[in-house]
Amino acid sequence: MRSLEDYDISPITGFLPVEPPLRRLPDPYFAPWEEMMENFNGLLLAGKFREKVLQMPLLDHTRLTTTAEYRRAFVIFCFLSHSYVWGKLEKTSETLPATLAVPWTGISNYLGLCPVVCHAAVDLWNYRLLDADGPIDLSNLAALTTYSGSLDEAWFYLITTAIESAGACCLPAILSVIEHINDCNYDGIKSNLETMYGALVKMNEILQRMYEKCDPYVFYWKIRPYLAGWENMAEAGLPFGLVYEGVDHLWSAETDEYADMSHLTEGQRILRQYRRYAGGSAAQSSLIAALDVAFGVEHYPTGEKPSVMKLDNPLPKDRYTRLPSAVPTDDSSSDGSRTPQPPFTRTNRNAFLRAMRKYMPRPHREFLEDLESGSNIRPFMLHLREKMQAEDITAEELNVIELYNNCIHQLKLFRDKHVQIVSLYIVNQARKGPNIPHGGFAIDKKKEEQPAAEAKDEKTQNVLYPQTALETSPGIREGSVSAKVSHLFPELGLAKHVDPKTGVVRGTGGTNVMPFLKQSRDETADMKIALESPATAPSNKTWSDWIMRR
């Protein structure tokens, strides 16, 4: 593998930038963007945000000169664009004006990202240090921007920023342990695994602090809707996605698929203009993905691993359920090291997790791809297990297995905490519903005239997706662009009502969140190496003993 710096990764700060993100673009030419950022919270509250956006000039994004400037600009457009689409006390917008859409698309292409809010925008490039010489931890961090202007939202982002900082030391340790395994350097292997273990313990401690300053109700009903994308959002008023005005010519110039639209009907041309992107998701963290790849944690399509999920109880249909698996790479041969290695196979077969890589900066996902073919930690542990089963293992080698298991256990605990947070902050909030029927967002005037009983029923319909709080009449609105397309293509059926009794709660990335998270946690636990061979294990072990070991 190449050096970390070749992947835009720092041995000190990890996936966070080496220098803190820019707080403002230095070129006065971009002052209109920065002025909107300074005032967008107030403009949203006053109901004047969209009006001001339409008055913005269309600036040339190619005048940005450095990667740091492109990152700052990307953050700007993530906040401005999502605020424009979801609004505040306004109907969802099906179109993004060219003043936002054109530069955002160009900036995203430069960074290798999709033009939609993502983990990098709100967590990696959205912080400042209170003390310039201090550490990147919760005692020294502040958020640059939030959608809601609330401390709860800032804390939510900064928890993840601090986790990224705490886990940064894992990345050079991963590359180092790969080399030490090739050289059979057990002291080096143990040292690197101890480093990763300590980082994972710290990451767990930081995640546990989410409850301190982020209120579940505020997060779910006031913050989370802005983090949603425009994929699978029919219930939120975006049945076909979002139209990026002024960028359709970019599609025709840069992709064969849109090279010639002259033969298409008007409706087909409109349909081609829609873009569908998932929103921000924790699955977009390159750090967690790197740990999974390094330790060889195997992820499968949700609900399709018999040892984890019961197949006789099918899950509700989901955007990422039962998609074809990612094609595994060809098995690689032994690298000629002194320790024989089992052949490499791609560990991540979960379509959602692989889709989320599109929402990581290009160099970071290149690192993950190379790590998938370069990591030898899991094969080495399986080799040691074979030696243990043959009763040909040394105490030093057994200690290496124990360290590996400790790391896996900490990663499993991290996912345990994540499941608990999602349950409290998302699932419970979705089931209870907002304190007010419309959740503080736009309501249909006609609905206000309904009898109290009907209004109560309408409130319960808002719990299927958090984004249904954006409108009390989700789907296709009369007179909208989507209505025209829907009339031309009624067979698409994208605005069908989904029964809230199914209990599906989706993440902002669009997936059915709880089964996915629980399976990811269980798949992590499955990676532990059993320290007793079947032949030597006592026969009087109980199920409780087995559970405790996990």
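Only the coordinates and a few stated rules stand behind these numbers; no lab work does. Values in this document were obtained by computation on a predicted structure and should not be read as measured data. All Cβ positions, even for glycine, are placed from backbone atoms using ideal geometry, and neighbour counts span all protein chains on display.
In the structure shown, the pairs Lys48/Lys222; Lys202/Lys432; Lys412/Lys528; Lys412/Lys518; Lys52/Lys91 are assessed against 22 Å; a Cα-Cα span above that value is assigned to Lys202/Lys432. For a paramagnetic label modelled on Arg23 (point 7 Å from Cα along Cα→Cβ), amide N atoms under 19 Å away belong, within segment 128-149, to 128-147, 149.
Compute the length gained on full extension between Lys432 and Ala530: take 0.36 nm times their separation in residues and subtract their Cα-Cα distance, giving the result in nm to one decimal. If you can, show how the numbers build up before the last one.
Numbers: separation 98, 0.36 × 98 = 35.28 nm, distance 4.19 nm.
Roughly 31.1 nm would be gained on extension.
Residues whose amide H falls under 5 Å from that of Gly237, counting only those 5 or more places apart or on a different chain, are Gly475, with hydrogens built in the peptide plane.
For segment 363-379, list residues with backbone N below 16 Å from a point placed 7 Å from the Cα of Thr394 toward its Cβ? Correct set: none at all.
Stretched out fully, how many nm does the piece from Ser176 to Asp370 gain, at 0.36 nm a residue minus the Cα gap? Between Ser176 and Asp370, full extension yields 68.4 nm more. A simple spin-label model places pseudo-atoms 7 Å from Cα toward Cβ; at Leu424 and Ala132 they are separated by 3.8 nm.
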